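J.: The structure follows.
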Amino acid sequence: MMRNLPAIVFVLTLWACSPKPAGEPVEYRGPLREATNVDMLYAEKDRIKVKMIANRILEFKNGDQEFPEGLYLEFFDETGKMTSSLKANHAYYFKKENRWRGRGKVEVKNIEKKQQLNTEELFWDPPSKKIFTEKFVTIKLESEVIYGTGLDALQDMSSYTIRKPEGDFEIKD
């Protein structure tokens, strides 16, 4: 038995070191790029249209972007005056649809009209310059507060429709 011990050890060593078959490769689905402390301006015809501030941006292979620590946007008119702002605790940009989604504490302000919209989820469609949600909304005006579920509006809140309004509010002719 002792004579065969080196042969047994040799065979066990070879067997232990033999290559194991590789499994299927796992496709990476996480972010390809990450940016922190972002302060970006979007301009058209040499005029600033949107200012974006985000603590962290994750960009994915398909072009989608996630803002896990929130997003703040300011919108400007042709004269450079800020007309409205949008703030969300979490945001996501869907590149294929060219659409944004804000979640958490979402707040939209119309500076000129002194209006404020609050909801837990809001979508923004840049090509149409519209915002919408299926969720509960609160709109604070100078003299009243309007509640409801579902909203369609222009991005600056200059015109909006609450699909299912609730509570008492004044209707102007």
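J.: Show me the GluC sites (Glu not before Pro) within segment 120-171 that DSSP assigns to loop and that have at most 15 other Cβ atoms within 10 Å of their Cβ. It would help to have the intermediate numbers written out before the result.
T.: Working: sites: Glu120, Glu121, Glu134, Glu142, Glu144, Glu166, Glu170; in loops: Glu142, Glu144, Glu170.
Taking segment 120-171 and a limit of 15 other Cβ atoms within 10 Å, the loop GluC sites (Glu not before Pro) found are Glu142, Glu144, Glu170.
J.: Right, here's the next one. Out of segment 73-173, which trypsin sites (Lys or Arg not before Pro) are coil in DSSP terms and have no more than 12 other C-beta atoms within 10 Å?
T.: Details: sites: Lys81, Lys87, Lys95, Lys96, Arg99, Arg101, Arg103, Lys105, Lys109, Lys113, Lys114, Lys129, Lys130, Lys135, Lys140, Arg163, Lys172; in loops: Lys81, Lys95, Lys96, Lys113, Lys114, Lys129, Lys172.
When the trypsin sites (Lys or Arg not before Pro) of segment 73-173 are filtered for loop state and at most 12 Cβ neighbours within 10 Å, Lys81, Lys95, Lys96, Lys114, Lys129, Lys172 remain.
J.: Straight-line reach from Lys95: which aspartates and glutamates fall under 16 Å, measuring Cα to Cα and dropping same-chain residues less than 8 apart?
T.: By straight Cα distance, Lys95 reaches Glu59, Asp64, Glu66, Asp125.
J.: Right, another one. For segment 87-173, what is the convex hull volume of the alpha-carbon atoms per residue, in Å³?
T.: Details: hull volume 8.3 nm³, N = 87.
Hull volume normalised by residue count: 96 Å³.
J.: Take the residue pairs Lys45/Lys130; Lys61/Lys114; Lys61/Lys164 and return only those whose Cα atoms are more than 30 Å apart. Intermediate results must be reported in sequence, preceding the final value.
T.: Values: Lys45/Lys130 21 Å; Lys61/Lys114 40 Å; Lys61/Lys164 39 Å.
Flagged as over cut-off: Lys61/Lys114; Lys61/Lys164.
J.: Okay, moving on. Over segment 32-166, what per residue volume does the convex hull of the Cα atoms give, in whole Å³? Please list the in-between numbers first.
T.: Details: hull volume 14.3 nm³, N = 135.
Expressed per residue, the convex hull around the Cα atoms of segment 32-166 is 106 Å³.
Readers should treat all values here as calculations from the given coordinates under stated rules, not as data from a laboratory. All values derive from a computational prediction rather than experimental measurement. Because the Cβ atoms are built from the backbone with ideal geometry, glycine has one as well, and the counts that use them run over all protein chains shown.
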